[in-house]
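Everything on this sheet refers to the single structure shown next.
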Amino acid sequence: MTVYCFTSATYSYLGRARVLAKTVREHHPEWVFCLCLCDVAPPGFVPSEYEDIFDEVISITKLDIPDLNSWIFKHNIIELSTAVKGKMLYRLLERADATNVIYIDPDIAIFNPLNDVLDLLKIHPIILTPHQIEPEIHPQGIIDNEIGSLKHGVYNLGFMAIANVPEGRRIAKWWCERLLIYCRDDPGNGLFTDQKWCDLIPALFENPAILRNPGYNVASWNLSSRPIRIDNKGQIFSADVPLRFFHFTKVDTAGEVMLERYGSDSIALFELLRWYREAIQKEQPSEVPSKYWHYSTYENGDFIEKPERLIYRDRKDLQIAFPDPYRSGPYSFQNWCIDHISDL
């Protein structure tokens with residue numbers, strides 16, 4: 001029987017996905033590691049030269065999502081990369097040899113075996129990791145982290161593990177169905193992509209495991225209670241337990257501010273960040289333009305603005321009239337936007 005592990009990414013995150021895959025290989029060579037690819041290769045780039053590290057690469061076009069172009073258009077890059085997770089999860093659970101399926105974000109690296117996960121999946125259908133496992137002490141930490149969790153979700157969905165048992169499949173089916181319609185970055189209306197949905201899992205489903213080990217899913221949002229140190233043998237610790245995996249989310253943008261705020265006095269933390277930046281620079285193909293995403297533009301190359309995606313998502317009449325909203329030219333959704341969007 002087989003443990004399947006997967007991530008979802010675009011080509012702009014291929015270097016991160018390769019770093020993750022290499023660290024999974026190091027600590028769990030017996031797992032089957034898959035990439036769900038939410039992109040189309042840029043001109044002149046040969047993806048096969050960089051996909052050798054993955055056991056399987058599954059395109060979004062192979063997930064049997066109805067009206068695919070219309071569905072993709074309703075999402076920005078973050079929404080799309082998370083919306084596919086439910087479909088991919090359920091697809092892998094349907095495989096006869098799958099005992100467990102584990103999702104890990106592409107901007108994570110594994111530093112020690114995840115044996116606690118495998119043990120918990122023997123008796124629980126799902127494992128979630130909370131953003132915080134200790135109450136914050138400082139006022140700024142309450143705002144950044146506890147209120148942040150209330151806004152964006154109690155559990156970080158950079159990681160999820162599901163056992164291939166009836167209750168695990170029931171959770172996966174529910175989550176998949178919600179993400180196909182409601183994977184939106186809209187905290188004001190109670191939605192934050194795939195993540196906020198999982199606040200409901202302990203209420204709706206039986207026997208979930210909440211993994212509170214401080215070595216799992218360490219990131220900028222919990223560094224205030226999980227200091228990083230490295231011993232003289234090179235072992236990395238978080239809050240005095242071995243670091244299992246670190247979530248390097250937004251290390252060059254918003255996450256950088258949080259890392260500085262909660263880890264500026266940690267030489268070990270910044271050694272970890274230096275290693276990660278060098279690793280992804282080595283693994284990211286130079287042929288892929290910075291911030292590239294095939295689905296960010298109409299077919300003529302013009303950038304798709306946020307209001308254009310939102311009005312298409314919210315109006316069924318436009319979806320019916322323009323089943324392929326990426327088209328350019330006469331009678332296209334792009335032209336409709338030119339004529340109407342400034343009036344809204």
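The values are calculated or read from the model by the stated rules, or taken from the named source; none is laboratory data. Being a predicted model, the structure only gives us computed values, none of them experimental. Every residue, glycine as well, gets a Cβ built from its backbone with ideal geometry; the counts of neighbours run over all protein chains shown.
Among the listed residues Leu243, Leu200, which satisfies the condition of being at pLDDT 95 or above and over 21 Å from Pro106 (Cα atoms)? Outline the logic, then answer.
Numbers: Leu243 fails: over 21 Å from Pro106 (Cα atoms).
None of the other options fit; the residue is Leu200.
Given the criterion among the basic types (Lys, Arg), under 27 Å from Glu271 (Cα atoms) and either crowded, with 16+ Cβ neighbours inside 10 Å or outside the structural domain of Asp116 (by TED's automatic domain parsing) (or both), identify the matching residue among Arg184, Arg226, Arg169, Arg178. Step through it out loud before you land on a result.
Numbers: Arg184 fails: under 27 Å from Glu271 (Cα atoms); Arg169 fails: under 27 Å from Glu271 (Cα atoms); Arg178 fails: under 27 Å from Glu271 (Cα atoms).
One residue alone meets the criteria, Arg226.
When segment 189-220 is examined, which residues are found to be among the aromatic types (Phe, Trp, Tyr) and more than 21 Å from Asn112 (Cβ to Cβ)? Give the derivation first.
Pass one, segment 189-220, residues among the aromatic types (Phe, Trp, Tyr): 192, 197, 205, 216.
Of everything in segment 189-220, those that are among the aromatic types (Phe, Trp, Tyr) and more than 21 Å from Asn112 (Cβ to Cβ) turn out to be Phe192, Trp197, Phe205.
Let me confirm something: among Ile65, Ile53, which residue is assigned by TED's automatic domain parsing to the domain that holds Asp107, more than 17 Å from the chain's Cα centre (by Cα), more than 19 Å from Gln284 (Cα to Cα) and touching a residue at least 24 places away in the same chain (Cβ under 8 Å)? Show your work before the answer.
On the way: Ile53 fails: more than 19 Å from Gln284 (Cα to Cα).
Step by step, each of Ile65, Ile53 is checked, and only Ile65 is assigned by TED's automatic domain parsing to the domain that holds Asp107, more than 17 Å from the chain's Cα centre (by Cα), more than 19 Å from Gln284 (Cα to Cα) and touching a residue at least 24 places away in the same chain (Cβ under 8 Å).
Step by step: first the residues of segment 229-244, then only those that are in contact with a Gly (Cβ under 8 Å, 6 or more places away or on another chain) and part of a loop (DSSP other than H, G, I, E, B), then the one that is farthest from Ser266 (Cα to Cα). Which residue is that?
Arg244
Out of segment 290-304, which residues are loosely packed, with under 15 Cβ neighbours inside 10 Å, in a loop (DSSP other than H, G, I, E, B) and at pLDDT 95 or above?
Answer for segment 290-304, where residues must be loosely packed, with under 15 Cβ neighbours inside 10 Å, in a loop (DSSP other than H, G, I, E, B) and at pLDDT 95 or above: Glu299, Asn300, Gly301, Asp302.
Can you tell me which residue within segment 181-214, out of those that are outside any helix (DSSP H, G or I) and among the charged types (D, E, K, R), is nearest to the chain's Cα centre (by Cα)? First the steps, then the outcome.
Initial filter on segment 181-214 (outside any helix (DSSP H, G or I)): 183-186, 190-195, 205-214.
Now restrict to residues that are among the charged types (D, E, K, R): 184-186, 194, 206, 212.
Values: Arg184: 13, Asp185: 13, Asp186: 17, Asp194: 9, Glu206: 24, Arg212: 20 Å.
Ranking the qualifying residues of segment 181-214, first place goes to Asp194.
Do any residues in segment 114-137 that are farther than 19 Å from Ser238 by Cβ have Cβ atoms under 6 Å from those of residues that are charged (D, E, K, R) and not in a strand (DSSP E or B), where the two are at least six apart or on different chains, and which pairs are they?
Pro125/Glu167
Search segment 324-336 for residues that are in contact (Cβ under 8 Å) with a residue 12 or more places away in the chain and in the same structural domain as Tyr312 (by TED's automatic domain parsing) and pair each with any residue that is surrounded by 14 or more Cβ atoms within 10 Å (Cβ to Cβ) and in a loop (DSSP other than H, G, I, E, B) when their beta-carbon atoms are under 6 Å apart and the residues are at least 6 apart or on different chains.
Between residues of segment 324-336 that are in contact (Cβ under 8 Å) with a residue 12 or more places away in the chain and in the same structural domain as Tyr312 (by TED's automatic domain parsing) and residues that are surrounded by 14 or more Cβ atoms within 10 Å (Cβ to Cβ) and in a loop (DSSP other than H, G, I, E, B), the close pairs are Tyr326/Tyr298; Ser328/Tyr298; Phe333/Phe322; Phe333/Pro325; Gln334/Tyr298; Gln334/Ser328.
Could you figure out which of (1) surrounded by fewer than 16 Cβ atoms within 10 Å (Cβ to Cβ); (2) touching a Leu at 6+ places or on another chain (Cβ under 8 Å); (3) within 24 Å of Ser59 (Cα to Cα); (4) not hydrophobic (A, V, I, L, M, F, W, C) isn't true of Pro307?
Only one criterion is unmet by Pro307, namely (3).
Among the candidates Ile60, Ile78, single out the residue that is in contact with a Ser or Thr (Cβ under 9 Å, 6 or more places away or on another chain), in the same structural domain as Asp105 (by TED's automatic domain parsing), closer than 16 Å to Asp107 by Cβ and modelled with pLDDT of 95 or more.
On the way: Ile60 fails: closer than 16 Å to Asp107 by Cβ.
None of the other options fit; the residue is Ile78.
Tell me which residues, restricted to segment 16-60, are of a type outside the set (A, V, I, L, M, F, W, C) and buried (at least 22 other Cβ atoms within 10 Å of the Cβ).
Kept after step one, since they are of a type outside the set (A, V, I, L, M, F, W, C), are these residues of segment 16-60: 16, 18, 22-23, 25-30, 39, 42-44, 47-52, 55-56, 59.
If the condition is that a residue be of a type outside the set (A, V, I, L, M, F, W, C) and buried (at least 22 other Cβ atoms within 10 Å of the Cβ), then Arg16, Arg18, Asp39 are the ones that fit.
Here's a check for you: in segment 23-48, which residue that is assigned to a helix (DSSP H, G or I) and in contact (Cβ under 8 Å) with a residue 60 or more places away in the chain is nearest to Ile280 (Cα to Cα)?
Initial filter on segment 23-48 (assigned to a helix (DSSP H, G or I)): 23-27, 47-48.
Subset that is in contact (Cβ under 8 Å) with a residue 60 or more places away in the chain: 23-24, 26-27.
Working: Thr23: 12, Val24: 15, Glu26: 16, His27: 19 Å.
If we take residues in segment 23-48 being assigned to a helix (DSSP H, G or I) and in contact (Cβ under 8 Å) with a residue 60 or more places away in the chain, then Thr23 is nearest to Ile280 (Cα to Cα).
On the given criteria, is Leu150 closer than 27 Å to Leu20 by Cβ and in a helix (DSSP H, G or I)?
Working: closer than 27 Å to Leu20 by Cβ: no; in a helix (DSSP H, G or I): yes.
When the stated conditions are applied, Leu150 does not pass them.
For segment 1-22, what are the residues that are in a strand (DSSP E or B) and either closer than 27 Å to Leu272 by Cβ or in contact with a Ser or Thr (Cβ under 7 Å, 6 or more places away or on another chain) (or both)? If you could, list the steps in order and put the result at the bottom.
Going residue by residue through segment 1-22, those that are in a strand (DSSP E or B) are 2-9.
Thr2, Val3, Cys5, Phe6, Thr7, Ser8, Ala9, listed by residue number.
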